[in-house]
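The values are calculated or read from the model by the stated rules, or taken from the named source; none is laboratory data. Nothing here was measured: the structure is a model prediction, and the numbers come from that model. Ideal geometry is used to build each Cβ from the backbone, glycine not excepted, and the neighbour counts take in all protein chains shown. To get the accessible areas, we keep the full protein, side chains included, count just its heavy atoms, and leave off ligands, DNA and RNA. Shrake-Rupley method; radii C 1.70, N 1.55, O 1.52, S 1.80 Å.
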Amino acid sequence: MTTAASASAGDTGRRAPVFFGWYVVASAFLVMFSGFAIYYSFGAFIDPLQAAFHTSKTEISGLFALTGLTYFSLGAVTGPISDRIGPRRVVLLGALLIGGGLLLVSRANAIWQLYLGYCGGVGLGLACVYVPSVSAVQQWFTRRRGFATGIAVAGIGVGFLAGPPLAAALIGSAGWRTTFAILAAGAVVLLCIAAIRMERSPAARGLMPEGEVMRQGATATGHAASLERSSVYRTRPFWLLYFSCMLTALGLFVPFAHLGSYAQENGISATGAAWILGLIGLGSASGRLFVGSAADRLGRRQSLGAAYFVMGVMFAWWLVSHSAWQLAIFSVVFGVAYGGFVALIPALAADYFGAVRAGAINGSLYTSAGIGNFIGPLLAGRIFDATGAYTIAIGAGIVVNILAVLCIVALRDPTTSIG
């Protein structure tokens, strides 16, 4: 950028009534809402798909588990690509993949077509939209990074709330095939709108993070620039964060898959069980907003450790919970801690390693969540089949979160960890 161009961009940044970074946050929120409303609506399709394809719930449920593994794992590929070419084009590709995958599912006549469309299309599409958009937010903020990230990923919680009832209503009135086609169209439109203001670099607008106007000769990377010369993946903080994320993820996704069944086994109706599960989304959306904001003041490392601790406590609460009100408390409080975890992982990674390579670093970190997402619910199901109860699986959730807390205790604050 020339000096004149920089000055022009700086003048534009000075006059702007709203810092452009908040438009990036809003775009990321819309990306999260659109993608995860579809992903978390999958429960509404299990029975219709099972009936249509004359197969087991295990085979249909495998679509959800494998899709989760796909989008978490392939973020390690889409993140670096986004770092190089910018998030907008990667998000647009994700929109096409999700839309095309859902259309294929809507016309599927065999199980392999379901897996190709949902795991291949939706799973890869989510990998294209999730890591690039959440990583883009990191470059626009420093002091308020936790709050900004929290707003962005709150879209996941809102999608969790909105997606399942919307899908259920559409299936009841139009059938599952038409519903998938409608969701395909809606996802493409919303994701394309979100991509319009999905920008990676404040410097391109003559700005520094938080909206400060860039002075001539200044760099927007600051602390992050020094990290470009070192290998992040050989540092102790990276692996402590990685294993803390993997450990908590082993327990995190168990209630997503099994809380509804647990509730019904304790005499709660199917409708009541669905509402109890939905409360995780309500708590999650709140946690992403308020925990992220509080962490900016209290310390993001300490707040992440507290989120792990609260999830462990809630697994202990789940062990003794049998009534609807007890499980509702579990869902809300667990959801708040889960939402805080989701908001803080990318923000804390940027604190330690800078925002320049946020896509690559976050993509690598999220492979740990993919492992937990795939193994945790399946292992819990196996334990239930062998013992007839969820007691051991829930107890394991306590243990893994205690270990995750210990990983965070072993971390030093970001200002003293790198060098």
**Message:** Under the rule of at least 5 residues apart or a separate chain, name every residue whose amide H is placed under 5 Å from the amide H of Leu207.
**Reply:** Met214
**Prompt:** Against the longest principal axis of the chain, how steep is helix 124-138, in degrees 0 to 90 to the nearest 10, with axes from Cα atoms?
**Reply:** 40
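Can you give the accessible area per residue of the chain, in Å², using a 1.4 Å probe? Mind showing how you got there, number by number?
Working: 16730 Å² over 419 residues.
Here the per-residue accessible area is 40 Å².
Assign one of three labels to the stretch 78-188, namely rounded, prolate or oblate, based on the Cα gyration tensor with a ≥ b ≥ c the square roots of its eigenvalues; rounded applies when a/c is under 1.5, prolate when it is not and a/b is larger than b/c, and oblate otherwise.
Working: a/c = 3.21, a/b = 1.64, b/c = 1.96.
It comes out oblate by the Cα gyration axes.
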**Residue among Gly376, Gly267, Gly125 with the largest mean-square fluctuation in a Gaussian network model of the chain, springs linking Cα atoms under 10 Å** = Gly267
**Item:** Heavy atoms of Asp385 accessible to a 1.4 Å probe, total area in Å² rounded to 10
**Value:** 120
**Fill in**
Under the Karplus relation with 6.51, -1.76 and 1.60 and θ = phi - 60°, whole-Hz ³J(HN,Hα) for the stretch 395-411, x at Gly and Pro, equal x, 4, x, 5, 5, 5, 6, 4, 5, 5, 4, 4, 4, 6, 4, 6, 6
**Prompt:** Between Ile81, Ile383, Ile408, which gets the highest mean-square fluctuation from a Gaussian network model of the chain, Cα cutoff 10 Å?
**Reply:** Ile383
**Request:** Would you mind checking the tilt of helix 20-40 against the longest principal axis of the Cα atoms of the chain, expressed as 0 to 90 degrees and rounded to 10?
**Result:** 20
**Two-site label geometry, Ala169 and Asp385: point separation in nm, points 7 Å out along Cα→Cβ** = 3.7
**Lys/Arg +1, Asp/Glu -1 at C-beta; the chain dipole; positive extreme among Gly175, Phe64, Trp140** = Trp140
**Asked** From the backbone phi of the stretch 330-338, what are the Karplus-calculated ³J(HN,Hα) couplings (6.51 cos²θ - 1.76 cosθ + 1.60, θ = phi - 60°) in whole Hz, Gly and Pro given as x?
**Response** 3, 4, 5, 5, 4, x, 4, 5, 4
**Asked** Say we join alpha carbon atoms closer than 10 Å with springs in a Gaussian network model of the chain; which of Arg197, Arg300, Arg288 then has the biggest fluctuation?
**Response** Arg197
**Request:** For the chain, give the percent of accessible area contributed by carbon and sulfur heavy atoms, probe 1.4 Å, rounded to a whole number.
**Result:** 67
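So how much slack lies between Asn109 and Val189, counting 0.36 nm per residue of separation and subtracting their Cα-Cα distance, in nm? Walk me through the numbers on the way to the answer.
Working: separation 80, 0.36 × 80 = 28.80 nm, distance 2.64 nm.
Length gained between Asn109 and Val189: 26.2 nm.
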**Asked** Hey, how many Å between the Cα centroid of the stretch 271-300 and the Cα centroid of the stretch 103-123?
**Response** 31
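Between beta-carbons, use under 15 Å as the cut-off and find the net charge around Thr78, counting Lys and Arg +1, Asp and Glu -1. Don't skip to the answer; put the middle values down first.
Working: positive: Arg84, Arg88, Arg89, Arg200, Arg357; negative: Asp83.
Local charge sum for Thr78: +4.
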